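Notes for the one structure printed next.
The values are calculated or read from the model by the stated rules, or taken from the named source; none is laboratory data. Keep in mind that what you see is a predicted model, and the values were worked out from it rather than measured. So basically every Cβ, Gly included, is an ideal-geometry build from the backbone, and we count neighbours across all protein chains shown.
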């Protein structure tokens, strides 16, 4: 984990409050200084630079923190770095999208440049005789040990993404590492290392796609997933390839283009069948296929896919990764509930969604379940259920800044017309209208 080049009061506050979750006094005791000194640091923020010996002590405290605390610190530090570039991007409670972080044209062009380079290098893999390796050899070759370090950082970035309150704040460091991987792909002609680098690129472009997807940037997300699928195929990594295809298809599912998403999911299922039988890939594909069947109104096919996905619980050992494949079956209650809501089967949906809501799930997932429960209330004409769950989902969306939850709430708003005579529904509609899904 990279350290802090120069500690200021701002970083010290992140270390105390966000990473270590200590009171002012407890943090000062750990540093061996008076609490008023820490208070002065934090009040001065970035303008206060502690003395050299305190810089070393802060370095040591960070190094000795447990892994979860270090991850919280890096995620918070990344958000602060983004805020320095765009001060309106980060606030204690994420406001409406007009003040949120946007991916500017420069960032987008840089990503597209990396994608073009990566795609070209992958396509040239079979043309080794046409590449002047002696010309680029001086740059330095990438050995297996370096690749292992890159892989560890990939996993770390997925954890930063998971811990970040607002997902798009992880984008700058993800883009930076993508640049490193694409550069590395130019500096090796070892077949084994080439395949491993392609796997890492397939992994990280899926993470970039997830960030864009959560920010309602579906075209950019689709570009990332397309490149990830190509890289996974080049690496011979069927599970990586299949998950990239599935994520790409899910964009169609989410935009209610179920018939268009179906062929790509069929392809993903075929690719997944050739992957590691110990991984959960094929069962995750079945879960997304169930959503397609639900969107097409086919209850029987939906239930068959969901029942097949339940077989994930028969797997043993490590059935998923901490990054590009995170399906372990724990999401199945909420997935079932969402499918049954789409099928307008309240008798099946309510129990599944209540089960999901009782589980220990992330705020983002909780927002999705709450929105589905609000939709269920709408279908049943239960205004109280609609209002209570929708209000709770709105709070989640505002707190997390999740474009995914916002998009679900916007979809709910479009269904409110039949109840618009009810004053509380009118008020809810005004709240939901504040969310924009424009990219």
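Within the group 398, 345, 365, which residue is touching a residue at least 12 places away in the same chain (Cβ under 8 Å), surrounded by fewer than 21 Cβ atoms within 10 Å (Cβ to Cβ) and farther than 30 Å from residue 300 by Cβ?
Details: 345 fails: farther than 30 Å from residue 300 by Cβ; 365 fails: farther than 30 Å from residue 300 by Cβ.
Selected residue: 398, the only one of 398, 345, 365 that is touching a residue at least 12 places away in the same chain (Cβ under 8 Å), surrounded by fewer than 21 Cβ atoms within 10 Å (Cβ to Cβ) and farther than 30 Å from residue 300 by Cβ.
The rows are residues; the columns are (1) in contact with a helix residue (DSSP H, G or I) (Cβ under 6 Å, 6 or more places away or on another chain); (2) surrounded by fewer than 24 Cβ atoms within 10 Å (Cβ to Cβ); (3) over 28 Å from residue 409 (Cα atoms).
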position	(1), (2), (3)
197	yes, no, yes
201	yes, no, yes
216	yes, yes, no
233	yes, yes, yes
238	yes, yes, yes
Considering every residue within the stretch 161-179, establish whether at least one is surrounded by fewer than 14 Cβ atoms within 10 Å (Cβ to Cβ) and modelled with pLDDT of 65 or more.
yes
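Each row is one residue, and each column tells you yes or no for (1) over 25 Å from residue 257 (Cα atoms); (2) modelled with pLDDT of 85 or more.
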position	(1), (2)
189	yes, no
195	yes, yes
207	no, yes
210	no, yes
224	no, yes
For residue 277, only one of the following conditions fails: (1) outside any helix (DSSP H, G or I); (2) in contact with a helix residue (DSSP H, G or I) (Cβ under 6 Å, 6 or more places away or on another chain). What is its number?
(2)
